[in-house]
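**Student:** Mind looking over this structure? Questions follow.
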Amino acid sequence: MEVIHKIGRRKTAVARVYLAPGSGNITVNKRELNNYFTTGTLQYKVNQPLVMTENDKNFDVKVNVYGGGITGQAEAVRLALSRAMCEVDAENRLILKPEGLLTRDPRMVERKKFGQKKARKKFQFSKR
């Protein structure tokens, strides 16, 4: 089996995942998973597709991720891994789809409008 390459996005974060047969090592931007995503919640999000498909010890994962914040990056990695798991075995789709792991979250930051302080917030109004 050759290396599987998939892309996941969330807000402005973009994650490129390279999946190869191995022993379960996950490297994010040339750092260990625990060093890059320090909280347990983020580590759980990244591992979720692998654990649900029972492939957490079968593949080595190399991730390049940039843009956005740390949570957006973790969710981008999760989407990319979910897509990769579907390419490994079509049966995995039936496991991941009901959990919503194959859905690209379309919510983005609303743009700032001219004549306003932020997207929705206005400058203070003075009557006199």
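The values are calculated or read from the model by the stated rules, or taken from the named source; none is laboratory data. This one's a predicted model, so the numbers in the text were calculated from it and none came from an experiment. Methodologically, a virtual Cβ is constructed for each residue, glycine included, from the backbone with ideal geometry; neighbour enumeration extends over all protein chains shown.
**Student:** Checking Ile26 against (1) touching a strand residue (DSSP E or B) at 6+ places or on another chain (Cβ under 6 Å); (2) among the β-branched types (Val, Ile, Thr); (3) within 19 Å of Asp105 (Cβ to Cβ), which single condition isn't satisfied?
**Tutor:** Checking Ile26 against (1) touching a strand residue (DSSP E or B) at 6+ places or on another chain (Cβ under 6 Å); (2) among the β-branched types (Val, Ile, Thr); (3) within 19 Å of Asp105 (Cβ to Cβ), the one that fails is (3).
**Student:** Hey, could you check region 44-87 for residues that are part of a strand (DSSP E or B) and of a type in the set (A, V, I, L, M, F, W, C) and say which is farthest from the chain's Cα centre (by Cα)?
**Tutor:** Taking the candidates together, the pick is Phe59.
**Student:** With the structure loaded, tell me whether Arg16 is at pLDDT 95 or above, surrounded by fewer than 21 Cβ atoms within 10 Å (Cβ to Cβ), not in a loop (DSSP other than H, G, I, E, B) and not aliphatic (A, V, I, L, M) or whether it fails that test.
**Tutor:** Taking the combined requirement at face value, the residue satisfies it.
**Student:** Check off (1) free of Cβ contacts under 8 Å to residues at least 40 places away in the same chain; (2) among the aliphatic types (A, V, I, L, M); (3) buried (at least 21 other Cβ atoms within 10 Å of the Cβ); (4) not in a helix (DSSP H, G or I) for Ala90 and give me the number that stays unchecked.
**Tutor:** Only one criterion in (1) free of Cβ contacts under 8 Å to residues at least 40 places away in the same chain; (2) among the aliphatic types (A, V, I, L, M); (3) buried (at least 21 other Cβ atoms within 10 Å of the Cβ); (4) not in a helix (DSSP H, G or I) is unmet by Ala90, namely (3).
Residues checked against (1) free of Cβ contacts under 8 Å to residues at least 60 places away in the same chain; (2) of a type in the set (Ser, Thr, Tyr):
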residue	(1), (2)
Ile7	no, no
Pro21	yes, no
Asn47	yes, no
Phe59	yes, no
Ser82	no, yes
Leu94	yes, no
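**Student:** Right, another one. Pick from region 19-32 the residues that are closer than 15 Å to Ala80 by Cβ and either of a type in the set (D, E, K, R) or buried (at least 19 other Cβ atoms within 10 Å of the Cβ) (or both): which of them is nearest to the chain's Cα centre (by Cα)?
**Tutor:** The residue in question is Val28.
**Student:** What are the residues in region 102-121 that are farther than 20 Å from Thr12 by Cβ and within 14 Å of the chain's Cα centre (by Cα), if any?
**Tutor:** Result: Leu102, single match.
**Student:** Identify the residue in region 95-107 that is of a type outside the set (S, T, N, Q) and surrounded by 10 or more Cβ atoms within 10 Å (Cβ to Cβ) and, among all such residues, is nearest to Thr71 (Cα to Cα).
**Tutor:** Checking each candidate, the answer is Asp105.
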